[in-house]
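The values are calculated or read from the model by the stated rules, or taken from the named source; none is laboratory data. The structure displayed is predicted, hence computed values, not measured ones. Here Cβ is always computed from backbone atoms with ideal geometry, including for glycine, and neighbour counts include all displayed protein chains. When the accessible area is computed, the model is the full protein with side chains, heavy atoms only, and any ligands, DNA or RNA have been set aside. Shrake-Rupley method; radii C 1.70, N 1.55, O 1.52, S 1.80 Å.
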Amino acid sequence: RDRSIVAHIEEMKRYLIGRDPFHIRHFTHIAYEDFATKRGSMDFYCAMSGIEIALWDVVGKALDQPVYNLIGGPVRPRIRVYANGWGDRAKTPEGMAKAALQIVDRGFTAMKFDPFPGPWRLYVGDEELEQAAANVGAIREAVGPRVELLVEVHRRLSPMKAVHVAHLIEKYRPYWFEEPIPAENLKAMAEVRSKINIPVVTGEALYTRTAFREVLELRAADILNPDICNTGGILELVHIAAMAEPFYV
């Protein structure tokens with residue numbers, strides 16, 4: 001959707017040219033209220049997020065300060081990261097285990113991967129779920145108990161299939177179970193969370209505080225992963241994190 005996003009940016013420049021780049025909140029407010037007429041979309045939020053992040057960059061350079069000092073300062077000296085995208089070409093349990101060991105050799109202590117074979121469908125056969133579980137099990141056996149396994153589902157399953165496969169893999173102690181079902185139905189997401197013993201993650205397909213409010217109210221997730229590039233930008237991410245804190249999420 002790159003060309004569509006670029007078109008949005010070109011149209012929104014009328015809210016920026018000749019204006020003060022420090023007025024970040026004004027820009028995001030007027031972009032949603034006036035340009036989008038309160039009708040959001042992935043393309044709009046990506047464009048708005050990109051501009052918002054660029055405005056923070058302008059402000060940080062003008063003040064000769066990193067952006068984190070402008071939003072309250074750092075709260076930790078180091079951040080643990082996980083490896084992602086490393087298992088896309090491995091299709092068998094043996095192949096995924098071998099690829100996982102290469103990631104451990106590079107120094108990572110956590111890794112995210114999608115263990116599911118085949119196309120993304122809501123209703124899959126038991127053999128596909130069993131294959132996914134075998135992939136998770138092979139990786140766990142290869143890397144040992146101290147490496148965290150972050151299972152990515154990509155919003156592909158129906159609630160009953162998500163619960164089924166979660167029960168198959170929970171013995172391998174996944175660190176999280178990311179977006180097991182489509183994010184549009186958060187009540188169904190909460191239902192899945194209530195029936196499994198793996199922390200549920202959601203967020204990359206949700207936009208702004210409005211969508212995350214419902215996640216928190218329904219207790220539909222244990223961990224949020226809003227995408228800074230489409231949820232509204234840096235300040236919106238700060239607001240979402242502040243909302244999550246009193247819910248212990």
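Suppose we keep only residues that are assigned to a loop (DSSP other than H, G, I, E, B) and in contact (Cβ under 8 Å) with a residue 60 or more places away in the chain within segment 37-71. Which one would you say is surrounded by the most Cβ atoms within 10 Å (Cβ to Cβ)?
If we filter segment 37-71 for residues that are assigned to a loop (DSSP other than H, G, I, E, B), which is where we start, we get 37-41, 64-66, 71.
Retained after the next criterion (residues that are in contact (Cβ under 8 Å) with a residue 60 or more places away in the chain): 40, 71.
On the way: Gly40: 15, Ile71: 13.
Applying the filter and picking the extreme gives Gly40.
Taking the residues in segment 155-204 that are buried (at least 17 other Cβ atoms within 10 Å of the Cβ) and basic (Lys, Arg) as candidates, determine which candidate is nearest to the chain's Cα centre (by Cα).
Only one residue tops the list, namely Arg155.
I'm trying to understand the selection: among the residues of segment 97-126, which are out of contact with any helix residue (DSSP H, G or I) (no Cβ under 9 Å at 6 or more places or on another chain), farther than 15 Å from Glu152 by Cβ and surrounded by 15 or more Cβ atoms within 10 Å (Cβ to Cβ)?
Phe108
In segment 72-81, what count of residues is obtained for those that are touching a residue at least 24 places away in the same chain (Cβ under 8 Å) and either open to solvent by 100 Å² or more (accessible area, probe 1.4 Å) or of a type in the set (Phe, Trp, Tyr) (or both)?
So the count comes out to 1.
Sort out which residues of segment 1-36 are open to solvent by less than 80 Å² (accessible area, probe 1.4 Å), outside any helix (DSSP H, G or I) and aliphatic (A, V, I, L, M), and write them in order of number.
Leu16, Ala36
Go through (1) in contact (Cβ under 8 Å) with a residue 12 or more places away in the chain; (2) among the hydrophobic types (A, V, I, L, M, F, W, C); (3) under 29 Å from Phe22 (Cβ atoms); (4) surrounded by fewer than 17 Cβ atoms within 10 Å (Cβ to Cβ) and name the single condition Ile223 misses.
It fails just one condition, (3).
Just give me the residues in segment 109-140 being touching a Leu at 6+ places or on another chain (Cβ under 7 Å) and within 16 Å of Gly87 (Cβ to Cβ), in sequence order.
If the condition is that a residue be touching a Leu at 6+ places or on another chain (Cβ under 7 Å) and within 16 Å of Gly87 (Cβ to Cβ), then Ala110, Met111, Lys112, Ala133, Val136, Ile139, Arg140 are the ones that fit.
Given Val192, Val163, Val147, Val200, which one is at pLDDT 95 or above and within 23 Å of Lys98 (Cβ to Cβ)? Full working, then the answer.
Numbers: Val192 fails: within 23 Å of Lys98 (Cβ to Cβ); Val163 fails: within 23 Å of Lys98 (Cβ to Cβ); Val200 fails: within 23 Å of Lys98 (Cβ to Cβ).
The conditions single out Val147.
Can you pull out the residues in segment 132-148 that are open to solvent by 60 Å² or more (accessible area, probe 1.4 Å) and either of a type in the set (Lys, Arg) or assigned to a helix (DSSP H, G or I) (or both)?
Pass one, segment 132-148, residues open to solvent by 60 Å² or more (accessible area, probe 1.4 Å): 141, 145-146.
The answer is Glu141, Arg146.
Gly87 versus (1) buried (at least 18 other Cβ atoms within 10 Å of the Cβ); (2) assigned to a helix (DSSP H, G or I); (3) not hydroxyl-bearing (Ser, Thr, Tyr): which is the lone unmet condition?
Exception for Gly87: condition (2).
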